[in-house]
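Below is one structure; the comments refer to it alone.
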């Protein structure tokens, strides 16, 4: 898991959806991220990083965004209603220290994903206790 707080030493990254309607800034170390093999992360190609809410600033009206939550008691994802790109999620999970924002690193304007060190979660099997792996989990039925 990549967790950061609004440490003033960390760089500020700008992010957006494809059409530019959904815009945000986030303060984080974007050299490390995670991927999950659950069906939504796999289908979206989400490479994520977790930050505290005060490290994230939404630069558009949240009421104009589309949302999706399979488990709304844990988290929801936010999408642009125009181009349908998912840029971030918000939630609350005690294991992550409470409130969090999940950033889709693919949406950061200045990050080369080829340079990001990626860890892998086995979310498809709710195998979170296994922790991060350096290689992807096999996708099995």
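The values are calculated or read from the model by the stated rules, or taken from the named source; none is laboratory data. Predicted model only: the values in this text are computed from it and were never measured. Quick reminder, even Gly has a Cβ in these numbers, built from the backbone with ideal geometry, and neighbours come from all protein chains shown.
Applying the condition of being touching a strand residue (DSSP E or B) at 6+ places or on another chain (Cβ under 7 Å) and farther than 16 Å from residue 63 by Cα to the range 86-97 and asking which residue is modelled with the lowest pLDDT yields 96. For the range 103-126, filtering for residues that are touching a helix residue (DSSP H, G or I) at 6+ places or on another chain (Cβ under 8 Å) and assigned to a loop (DSSP other than H, G, I, E, B) leaves 5.
Any chance the range 21-32 includes a residue that's within 18 Å of residue 128 (Cα to Cα), in contact with a strand residue (DSSP E or B) (Cβ under 8 Å, 6 or more places away or on another chain) and surrounded by 19 or more Cβ atoms within 10 Å (Cβ to Cβ)? No, because not a single residue in the range 21-32 is within 18 Å of residue 128 (Cα to Cα), in contact with a strand residue (DSSP E or B) (Cβ under 8 Å, 6 or more places away or on another chain) and surrounded by 19 or more Cβ atoms within 10 Å (Cβ to Cβ). Applying the criterion of being closer than 15 Å to residue 47 by Cβ and without any contact (Cβ under 8 Å) to a residue 40 or more places away in the chain to the residues of the range 107-132, the residue that is surrounded by the most Cβ atoms within 10 Å (Cβ to Cβ) is 112. All of 33, 15 fail the test of being within 21 Å of residue 121 (Cβ to Cβ), in contact (Cβ under 8 Å) with a residue 40 or more places away in the chain and touching a helix residue (DSSP H, G or I) at 6+ places or on another chain (Cβ under 7 Å), apart from 33. Got at least one residue in the range 48-58 being part of a loop (DSSP other than H, G, I, E, B), surrounded by 14 or more Cβ atoms within 10 Å (Cβ to Cβ), touching a residue at least 40 places away in the same chain (Cβ under 8 Å) and in contact with a strand residue (DSSP E or B) (Cβ under 6 Å, 6 or more places away or on another chain)? Scanning the range 48-58, I find no residue that is part of a loop (DSSP other than H, G, I, E, B), surrounded by 14 or more Cβ atoms within 10 Å (Cβ to Cβ), touching a residue at least 40 places away in the same chain (Cβ under 8 Å) and in contact with a strand residue (DSSP E or B) (Cβ under 6 Å, 6 or more places away or on another chain), so the answer is no.
Mind listing whichever residues of the range 59-73 are touching a residue at least 40 places away in the same chain (Cβ under 8 Å) and surrounded by fewer than 17 Cβ atoms within 10 Å (Cβ to Cβ)? Residue satisfying the conditions is 64 alone.
All of (1) touching a strand residue (DSSP E or B) at 6+ places or on another chain (Cβ under 6 Å); (2) more than 15 Å from residue 102 (Cβ to Cβ); (3) not in a strand (DSSP E or B) hold for residue 18 with one exception: (1).
Every residue, every condition in (1) farther than 21 Å from residue 33 by Cβ; (2) in contact with a helix residue (DSSP H, G or I) (Cβ under 7 Å, 6 or more places away or on another chain); (3) part of a helix (DSSP H, G or I), yes or no:
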| site | (1), (2), (3) |
| --- | --- |
| 72 | yes, no, no |
| 82 | yes, no, no |
| 91 | no, no, no |
| 101 | no, yes, no |
